Amino acid sequence: MNTLTIKLGEKAPQRIGAETVVRYEQNGASLTLRRKYCKSCVLCVDACPAKILQLDQDDLIYVTDISKCVFCGACAGRCPDFVFIVDSGKGEK
Ligand code: SF4
Ligand code: SF4
């Protein structure tokens, strides 16, 4: 599986394939999306306090603005399909 790493301030490509794992990094924290497991249920969209999760044109989850992520792990806790790996820099959720 390909991994696309996006650091704070970098722009994500407009379209990201389902097979690509997306890893956002900032200040020692990271949020990883294994998008191919996404079932488009939007439970994570409602759970995210920063309101930065949306479905893309392929109905797979993506992050609209990673600079607003607080690495709380609510998305990982809510997703039934283990799409998210959240590491706040103090351990994974
Ligand atoms: S870690 Fe928290 S703020 Fe970041 S995307 Fe997940 S729910 Fe939203
Ligand atoms: S909770 Fe998981 S399966 Fe549901 S939309 Fe979010 S990432 Fe996709």
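Bear in mind these aren't lab numbers, they're just calculated from the coordinates by the rules spelled out. Every value quoted in this text rests on a predicted model; they were computed, and no experiment measured them. Positions of Cβ are generated from backbone atoms using ideal geometry, with glycine treated the same way; all protein chains shown enter the neighbour counts.
Quick rundown of the values:
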| item | result |
| --- | --- |
| Burial ordering of 87, 59, fewest other beta-carbon atoms within 10 Å first | 59, 87 |
| Note, ³J(HN,Hα) from phi for region 44-61, Karplus 6.51, -1.76, 1.60, rounded to Hz, x at Gly and Pro | 5, 4, 6, 7, 6, x, 8, 6, 10, 10, 8, 8, 8, 5, 9, 6, 10, 6 |
| Under 18 Å from the residue 58 label point (7 Å along Cα→beta-carbon), backbone N, region 18-41 | 18-24, 32-41 |
| Ranking of 30, 88 by count of other Cβ atoms within 10 Å, fewest first | 88, 30 |
| For the chain, Kirkwood radius (reciprocal of mean inverse C-alpha pair distance, Å) | 13.0 |
| Nearby lysines by direct alpha-carbon distance to residue 51 (threshold 16 angstrom, same-chain neighbours under 8 apart not counted) | 68 |
| Unpartnered cysteines - no second Cys beta carbon under 4.7 Å - across the chain | 38, 41, 48, 69, 72, 79 |
| Projected label distance in nm at residue 90 and residue 39, using a 7 Å step from Cα toward the beta-carbon | 3.2 |
